[in-house]
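Peer 1: I'd like to ask you about the structure that follows.
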Amino acid sequence: MEIIETKIAGLLIIKPVVYYDQRGYFFETYNEHKFKILNLFTDFVQDNESKSQKNVLRGLHFQKPPFSQAKLVRVIQGAVMDVAVDLRKDSPTYGQWESIVLSAENKLMYWIPEGFAHGFLTLEEDTIFSYKCSNAYNKESEGSIRWNDSDLNIIWSIENPLVSDKDSIAPSFSSFKSPF
């Protein structure tokens with residue numbers, strides 16, 4: 001597997017080694033031993049999966065300490081524009097974001113450490129998104145930031161995505177007080 005660093009420390013793109021033959025393909029979506037060698041958190045406790053139609057936007061979500069989560073995310077079917085926002089108040093990249101297209105075709109994965117808000121926009125119909133989490137979901141610890149916040153200025157390249165009621169009224173980044 002190849003690790004590709006982003007401009008934000010700790011936020012990584014993981015490119016697996018994919019073996020193709022006449023039957024199809026095979027690759028490891030997770031290998032605890034390899035992740036330990038790379039000093040990435042490996043004690044995942046919850047796996048999640050969602051299926052969405054095209055132009056669904058989910059996010060920007062996070063879990064506050066002590067239930068904060070590191071995530072390993074990937075797409076099983078379809079494609080997404082995946083976004084991570086640095087919420088670590090002592091980070092030189094606080095408030096900055098990175099995005100990547102994750103797809104069933106490119107098989108890339110995104111390592112999102114604790115202290116980030118996360119969201120994605122589906123680019124294809126029937127997209128299946130999968131993520132491993134380092135901590136269990138806790139409703140009282142959930143937080144969100146408005147997906148189209150003008151201070152973050154994330155370039156989603158869509159004006160009217162399908163969002164949940166909760167995501168449409170999420171707080172602005174300027175009113176956010178980071179617990180990280």
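Peer 1: Among the candidates Glu124, Glu98, single out the residue that is assigned to a strand (DSSP E or B), within 25 Å of Phe27 (Cβ to Cβ), at pLDDT 95 or above and out of contact with any Asp or Glu (no Cβ under 7 Å at 6 or more places or on another chain). Can you show your working first?
Peer 2: Values: Glu124 fails: assigned to a strand (DSSP E or B).
Result of the check over Glu124, Glu98: Glu98.
Peer 1: Restricting to segment 119-131, give me the number of residues that are surrounded by fewer than 21 Cβ atoms within 10 Å (Cβ to Cβ) and touching a Phe, Trp or Tyr at 6+ places or on another chain (Cβ under 9 Å).
Peer 2: The initial filter retains those residues of segment 119-131 that are surrounded by fewer than 21 Cβ atoms within 10 Å (Cβ to Cβ), namely 123-126, 128, 130.
Going one step further and asking which of them are touching a Phe, Trp or Tyr at 6+ places or on another chain (Cβ under 9 Å), we end up with none.
The number of residues fulfilling the criteria is 0.
Peer 1: Between Gln69, Gln46, which is of a type in the set (S, T, N, Q), under 22 Å from Ser141 (Cβ atoms) and within 13 Å of the chain's Cα centre (by Cα)? Steps first, answer last, please.
Peer 2: Working: Gln46 fails: within 13 Å of the chain's Cα centre (by Cα).
From the options Gln69, Gln46, the qualifying one is Gln69.
Peer 1: Search segment 1-23 for residues that are within 10 Å of Met109 (Cβ to Cβ) and pair each with any residue that is surrounded by 12 or more Cβ atoms within 10 Å (Cβ to Cβ) and among the hydroxyl-bearing types (Ser, Thr, Tyr) when their beta-carbon atoms are under 8 Å apart and the residues are at least 6 apart or on different chains.
Peer 2: Filtered contacts from segment 1-23: Leu12/Thr6; Leu12/Tyr110; Ile13/Thr6; Ile13/Tyr110; Ile14/Tyr110; Pro16/Thr29.
Peer 1: Also, I was wondering about something else. Could you list all residues from segment 87-101 that are surrounded by 15 or more Cβ atoms within 10 Å (Cβ to Cβ), touching a Phe, Trp or Tyr at 6+ places or on another chain (Cβ under 7 Å) and among the charged types (D, E, K, R)?
Peer 2: Within segment 87-101, just Arg88 meets the criteria.
Peer 1: If you don't mind, there's one more thing I want to ask. Is at least one residue of segment 45-64 assigned to a loop (DSSP other than H, G, I, E, B), modelled with pLDDT under 95 and of a type in the set (A, V, I, L, M, F, W, C)?
Peer 2: As a first pass, look at segment 45-64 and keep what is assigned to a loop (DSSP other than H, G, I, E, B): 45, 53-55, 64.
Among the residues that remain, those that are also modelled with pLDDT under 95 are: 45.
Filter once more, so that each one left must be of a type in the set (A, V, I, L, M, F, W, C): 45.
Yes, segment 45-64 contains a residue that is assigned to a loop (DSSP other than H, G, I, E, B), modelled with pLDDT under 95 and of a type in the set (A, V, I, L, M, F, W, C).
Peer 1: Pick from Ala104, Ala70, Ala84, Ala79: which is surrounded by 21 or more Cβ atoms within 10 Å (Cβ to Cβ), within 26 Å of Phe44 (Cβ to Cβ) and touching a residue at least 24 places away in the same chain (Cβ under 8 Å)? So that I can check it myself, show each step before the final result.
Peer 2: Details: Ala104 fails: surrounded by 21 or more Cβ atoms within 10 Å (Cβ to Cβ); Ala70 fails: surrounded by 21 or more Cβ atoms within 10 Å (Cβ to Cβ); Ala79 fails: surrounded by 21 or more Cβ atoms within 10 Å (Cβ to Cβ).
Answer to the check: Ala84.
Peer 1: Given Ile112, Ile145, which one is closer than 16 Å to Pro179 by Cβ, touching a His at 6+ places or on another chain (Cβ under 9 Å), modelled with pLDDT of 95 or more and β-branched (Val, Ile, Thr)?
Peer 2: Details: Ile112 fails: closer than 16 Å to Pro179 by Cβ.
Sole residue among the options that is closer than 16 Å to Pro179 by Cβ, touching a His at 6+ places or on another chain (Cβ under 9 Å), modelled with pLDDT of 95 or more and β-branched (Val, Ile, Thr): Ile145.
Peer 1: Can you tell me which residue in segment 107-118 is surrounded by the most Cβ atoms within 10 Å (Cβ to Cβ), limited to those that are over 16 Å from Gly59 (Cα atoms) and aliphatic (A, V, I, L, M)?
Peer 2: Met109
Peer 1: A further question on this structure: Got a sec? Which of Ser157, Ser172, Ser103 is of a type in the set (Gly, Ala, Ser), out of contact with any His (no Cβ under 9 Å at 6 or more places or on another chain) and modelled with pLDDT under 95?
Peer 2: Values: Ser172 fails: modelled with pLDDT under 95; Ser103 fails: modelled with pLDDT under 95.
So the residue among Ser157, Ser172, Ser103 that is of a type in the set (Gly, Ala, Ser), out of contact with any His (no Cβ under 9 Å at 6 or more places or on another chain) and modelled with pLDDT under 95 is Ser157.
Peer 1: Search segment 73-95 for residues being assigned to a strand (DSSP E or B) and either out of contact with any Leu (no Cβ under 8 Å at 6 or more places or on another chain) or acidic (Asp, Glu) (or both), and hand back the single one that is nearest to Ile13 (Cα to Cα). Steps first, answer last, please.
Peer 2: Taking segment 73-95 first, the residues assigned to a strand (DSSP E or B) are 73-77, 79-86.
Still in the list and also either out of contact with any Leu (no Cβ under 8 Å at 6 or more places or on another chain) or acidic (Asp, Glu) (or both): 76-77, 82, 86.
On the way: Ile76: 16, Gln77: 18, Asp82: 11, Asp86: 15 Å.
Applying the filter and picking the extreme gives Asp82.
Peer 1: Out of Ile8, Ile4, Ile37, report the one residue that is surrounded by 15 or more Cβ atoms within 10 Å (Cβ to Cβ) and either more than 24 Å from Leu123 (Cα to Cα) or of a type in the set (Val, Ile, Thr) (or both). Step through it out loud before you land on a result.
Peer 2: Numbers: Ile4 fails: surrounded by 15 or more Cβ atoms within 10 Å (Cβ to Cβ); Ile37 fails: surrounded by 15 or more Cβ atoms within 10 Å (Cβ to Cβ).
Just one listed residue meets the conditions, Ile8.
Peer 1: Let me ask you something else. Take the conditions more than 25 Å from Lys166 (Cβ to Cβ) and surrounded by 14 or more Cβ atoms within 10 Å (Cβ to Cβ) and apply them to Thr42. Does it pass?
Peer 2: Numbers: more than 25 Å from Lys166 (Cβ to Cβ): yes; surrounded by 14 or more Cβ atoms within 10 Å (Cβ to Cβ): yes.
Criteria met by Thr42.
The values are calculated or read from the model by the stated rules, or taken from the named source; none is laboratory data. Remember, it's a predicted structure, so these values are computed and weren't measured experimentally. When we count neighbours, we look across all protein chains shown, and the Cβ atoms used for this are built from the backbone with ideal geometry, even at glycine.
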